[in-house]
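Engineer: To start, I am sharing the structure in question, which I have written as structure tokens.
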Amino acid sequence: MSVITTAYQAMQVDEPGAAFRLVEQEPVAPGPGHVRVIVEAVGICHSDAMFIDGHMPGLSFPLVPGHEIAGRIDAIGDDVGDFGVGQRVAIGWFGGNCGHCNPCRSGDAIHCIEMQIPGLSYPGGFAEEIVVPATALARIPEAFSAAEAAPMGCAGVTTFNALRRSVGRPGELVAVLGLGGLGHLGVQFASRLGFETVAIAVAPTRSRSRDSSAPTITSTTNPRTCRRRCSASLARRSCSRR
């Protein structure tokens, strides 16, 4: 285990709705089953606003939000296997599980009765370092930068699982409504999984998603107009395939 004695910086919210405040925290040595991670990148999720405004049950202030985290392991507590110092890891919304409740014992850790969430169960990733349960860790492939890997733990897994568990199969038509933090990943996943992909957005001009050949259907800023045009376009594309 490495020992760090210098304080680290974190972005803290002191009370619901308050502004971020840069603070210094004393480093914490990881306990049994935990690791300390030096944060290299952290995503900004809309759920962070729920934390900051105090809308999540069980919150306590002050808090450090952030649950889309990528970095390198700096120190390891006792009883942690399969991970080593210096290893690149990501932590997402799934921030650890108990391992002994019925869902965990059935292999369904994501529905753990005591599931932990960074920023809610312990200080989150808007900081230079973070201590997390080893059960929360996912290895980062070398092909991914930290900035690319960080959102995969929340926005990425949400959209990928939606496609993976859907009834759709490669070659079928998939429409992704909205090109925000989740939607822009959904378009890329759908395209690379072999779906005929349509991205639907509300905007005054037409555009194409940068990293995908998928056409983007856009309209005026009137959502009703967007729905009518999208429905008509999808119907035409469906008929053309018959």
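Engineer: Taking a quarter of the surface of the convex hull around the Cα atoms of the stretch 8-150, what do you get in nm²?
Structural biologist: Computed as one quarter of the Cα hull surface, the answer is 8.4 nm².
Engineer: What does the extension gain come out to for E172 and F61, with contour length at 0.36 nm per residue minus their alpha carbon separation?
Structural biologist: Here the segment from E172 to F61 would lengthen by 35.3 nm.
Engineer: Could you rank the peptides 63-74, 162-173 by their average count of other C-beta atoms within 10 Å per residue, with the highest value first?
Structural biologist: 63-74, 162-173
Engineer: State, to one decimal in nm, how far the label point of D108 lies from the label point of E128, with both points 7 Å from Cα in the Cβ direction.
Structural biologist: 4.3 nm
Engineer: Still on this structure: Pop the C-beta distance of Q9 and N161 into the FRET formula with R0 = 35 Å and round what comes out to the nearest 0.05.
Structural biologist: With R0 = 35 Å, the Cβ-Cβ based efficiency is 0.55.
Engineer: What is the gain in length, in nm to one decimal, between D53 and A18 on full extension, counting 0.36 nm per residue of separation less the C-alpha to C-alpha distance?
Structural biologist: Full-extension gain reported as 11.8 nm.
Engineer: List the residues whose amide H sits under 5 Å from the amide H of I140, counting only those 5 or more places along or on another chain, with H placed 1.01 Å from N in the peptide plane.
Structural biologist: R88, V89, A90
Engineer: Considering the zone a paramagnetic label at R139 would reach in this model (a point 7 Å from Cα along the Cα-to-Cβ line), which residues of the stretch 60-75 have amide N under 15 Å from it?
Structural biologist: Residues 73 qualify, since their backbone N sits under 15 Å from the label point.
Engineer: Also: If neighbour count is taken as other Cβ atoms inside 10 Å, put C154, C45 in order from fewest to most.
Structural biologist: Fewest to most other Cβ atoms nearby, the residues stand as C45, C154.
Engineer: Would you kindly derive the ³J(HN,Hα) couplings of the stretch 46-60 from the backbone phi angles with the Karplus curve 6.51 cos²θ - 1.76 cosθ + 1.60 (θ = phi - 60°), listing them in order in whole Hz, with x for Gly and Pro?
Structural biologist: 4, 4, 4, 5, 5, 5, 4, 7, x, 8, 9, x, x, 6, 9
Engineer: Label-point separation (nm) for V85 and C101, each offset 7 Å from Cα along Cα-to-Cβ?
Structural biologist: 3.4 nm
Engineer: What do you get for Rg/Rh of the stretch 90-136 when both radii come from the Cα atoms and Rh is the Kirkwood radius?
Structural biologist: When Rh is taken as the Kirkwood radius, the ratio is 1.01.
Engineer: Could you go through the stretch 156-166 in sequence order and give the Karplus-derived ³J(HN,Hα) for each residue, using 6.51 cos²θ - 1.76 cosθ + 1.60 with θ = phi - 60°, rounded to whole Hz, and x for Gly and Pro?
Structural biologist: Each residue's phi maps through the Karplus curve to give x, 5, 5, 6, 5, 5, 4, 6, 5, 8, 6 Hz.
Engineer: Right, next: Given Cβ point charges of +1 (Lys, Arg) and -1 (Asp, Glu) and nothing else, what value in debye, to the nearest 20, does the dipole of the stretch 55-204 about its Cα centre take?
Structural biologist: With only Lys, Arg, Asp and Glu charged at Cβ, the dipole is about 480 debye.
Engineer: Let me ask another. Applying the Karplus parametrisation 6.51 cos²θ - 1.76 cosθ + 1.60 with θ = phi - 60° to the phi angles of the stretch 33-42, what ³J(HN,Hα) value in whole Hz is obtained for each residue in order, glycine and proline being reported as x?
Structural biologist: Residue by residue, the stretch 33-42 yields x, 10, 9, 9, 10, 7, 6, 9, 7, 9 Hz.
Engineer: Of the peptides 51-57, 102-108, how do they stack up when ordered by the mean number of other Cβ atoms within 10 Å, highest first?
Structural biologist: 51-57, 102-108
Engineer: For the stretch 72-121 and the stretch 126-167, write down the distance between their C-alpha centroids in whole Å.
Structural biologist: 12 Å
Engineer: I would also like to ask the following. Under a 5 Å amide H to amide H cut-off, with H placed in plane at 1.01 Å, what residues pair with A175 once short-range neighbours are removed?
Structural biologist: For A175, the qualifying residues are V198.
We did not get these values from a lab; they are worked out from the coordinates using the rules stated. Note that the structure is a prediction, hence the values are computed from the model and not measured. For neighbour counting, all protein chains shown are included, and Cβ atoms are generated from backbone atoms with ideal geometry for every residue, glycine included.
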